[in-house]
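The values are calculated or read from the model by the stated rules, or taken from the named source; none is laboratory data. Only a predicted model underlies this, so the values are computations on that prediction, with no experimental measurement involved. Neighbour counts are summed over all protein chains in view; Cβ atoms, including those assigned to glycine, are modelled from backbone coordinates with ideal geometry. Heads up: the accessible areas ignore ligands, DNA and RNA and are worked out on the full protein's heavy atoms, side chains in. Shrake-Rupley method; radii C 1.70, N 1.55, O 1.52, S 1.80 Å.
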Amino acid sequence: MVNVAVNVLAELGQATWTTPRAIGYETVLEGVRQSIGFYSQSIATEEQSDEPDTGAIELGRSEQLSWATRAQELIPLDTRATESLLEDAEKLLEDDDDDDEDESDDEDSDDEDESDDEA
């Protein structure tokens, strides 16, 4: 058997997208990864509950698969799909941030109530 080095990249040529478009594409992929992580968190929380809701777990897994599929089908040159996916990721993660802020506000008001009781 003879080993011959072959440059498999020589035939690819240059990318047909610009650096800003490539950066935007990578940004969208990061949003997808964070969205999949969002569902991982809710799945784990549900699995650890006293009575796990299997429907919610399966829905979370289905959403993860949907996000992964959309990312795999995405190409940097498809600006419309890239922007749509980014908007969807931002909306999902923004809603999660809003929920976190609401929980934080609830904890702050509980602390204030305790302070009032002590006074």
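Miscellaneous remarks
- So Q72, is it part of a helix (DSSP H, G or I) and either open to solvent by 60 Å² or more (accessible area, probe 1.4 Å) or among the hydrophobic types (A, V, I, L, M, F, W, C) (or both): yes
- Failed condition for N7, given (1) assigned to a helix (DSSP H, G or I); (2) surrounded by fewer than 15 Cβ atoms within 10 Å (Cβ to Cβ): (1)
- Single residue of segment 25-46 satisfying the filter (farther than 19 Å from L85 by Cα and surrounded by 15 or more Cβ atoms within 10 Å (Cβ to Cβ)) that is modelled with the lowest pLDDT: S42
- Test for E26: is it assigned to a helix (DSSP H, G or I) and of a type in the set (D, E): yes
- Test: residue in segment 87-107 that is under 11 Å from L29 (Cα atoms) and modelled with pLDDT of 90 or more: yes
- Every pair of residues 6+ apart whose Cβ atoms lie under 8 Å, when the first sits in segment 47-70 and is under 22 Å from A89 (Cβ atoms) and modelled with pLDDT of 95 or more while the second is surrounded by 13 or more Cβ atoms within 10 Å (Cβ to Cβ) and among the aromatic types (F, W, Y): G60/Y39; R61/Y39; E63/Y39; Q64/Y39; W67/Y39
- Scanning segment 47-69 for residues that are of a type in the set (S, T, Y) and either closer than 30 Å to Q14 by Cβ or surrounded by 13 or more Cβ atoms within 10 Å (Cβ to Cβ) (or both) yields S66, T69.
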